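Student: Quick one: the structure is below, and I'll ask about it shortly.
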Amino acid sequence: MSVNKKYFQLQDLILIKTSIEKVLLHINERKERSIFSWIDKELSGLWNFKDEELRYDIEEAKKYVKNEDYIKTKEKLQLIEKKIEEKINQLYKEMLNY
């Protein structure tokens, strides 16, 4: 993969991670009063993200948002955020060694 492609992929991952962080802040503050229509819109980048390793986790998170389960949504988003952070770090390393 070229450096340009990696750079664009890195940008996408950072934007998705930022959206997840915003949603987690919202959920932590509002708990059962979370506004799931806003959460769904905020995570639209995640819903459209195509990654085979994250596909199952993304589908589950989407289901939890639809069911308005703030606890499971929070847990799944924390897991996805961790995996995305690992992908970001890996891309940085690859770009440094290019």
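Read-outs throughout are calculated quantities, based only on the coordinates presented, and are distinct from any laboratory measurement. Please read these numbers as outputs of a predicted model, since none were measured by experiment. Please note: Cβ atoms are built from the backbone with ideal geometry, for glycine as well, and neighbour counts cover all protein chains shown.
Student: Go through region 13-30 and count every residue that is surrounded by fewer than 19 Cβ atoms within 10 Å (Cβ to Cβ) and under 14 Å from Tyr64 (Cβ atoms).
Tutor: Residues meeting the conditions: 1.
Student: Read through the list (1) under 15 Å from Glu75 (Cα atoms); (2) in contact (Cβ under 8 Å) with a residue 60 or more places away in the chain; (3) in contact with a Phe, Trp or Tyr (Cβ under 8 Å, 6 or more places away or on another chain), then give the number of the only condition that Ser34 fails.
Tutor: Only one criterion in (1) under 15 Å from Glu75 (Cα atoms); (2) in contact (Cβ under 8 Å) with a residue 60 or more places away in the chain; (3) in contact with a Phe, Trp or Tyr (Cβ under 8 Å, 6 or more places away or on another chain) is unmet by Ser34, namely (2).
Student: Residue pairs, Cβ under 9 Å, 6 or more apart or interchain, first in region 81-98 and within 29 Å of Glu60 (Cα to Cα), second hydroxyl-bearing (Ser, Thr, Tyr) and surrounded by 11 or more Cβ atoms within 10 Å (Cβ to Cβ). List them.
Tutor: Filtered contacts from region 81-98: Leu91/Tyr7.
Student: A further question on this structure: Hey, any hits in region 14-25 for a residue that's in contact (Cβ under 8 Å) with a residue 24 or more places away in the chain, of a type in the set (Lys, Arg) and closer than 27 Å to Asn97 by Cβ?
Tutor: Looking for residues that are in contact (Cβ under 8 Å) with a residue 24 or more places away in the chain, of a type in the set (Lys, Arg) and closer than 27 Å to Asn97 by Cβ, one finds at least one in region 14-25, hence yes.
Student: Let me ask something else about it. Scan (1) in contact with a Leu (Cβ under 7 Å, 6 or more places away or on another chain); (2) surrounded by fewer than 15 Cβ atoms within 10 Å (Cβ to Cβ) for the single condition Lys6 breaks and write down its number.
Tutor: (2)
Student: Quick check on Asp57: is it charged (D, E, K, R), surrounded by 12 or more Cβ atoms within 10 Å (Cβ to Cβ), within 18 Å of Ile88 (Cα to Cα) and in contact with a Lys or Arg (Cβ under 7 Å, 6 or more places away or on another chain)?
Tutor: yes
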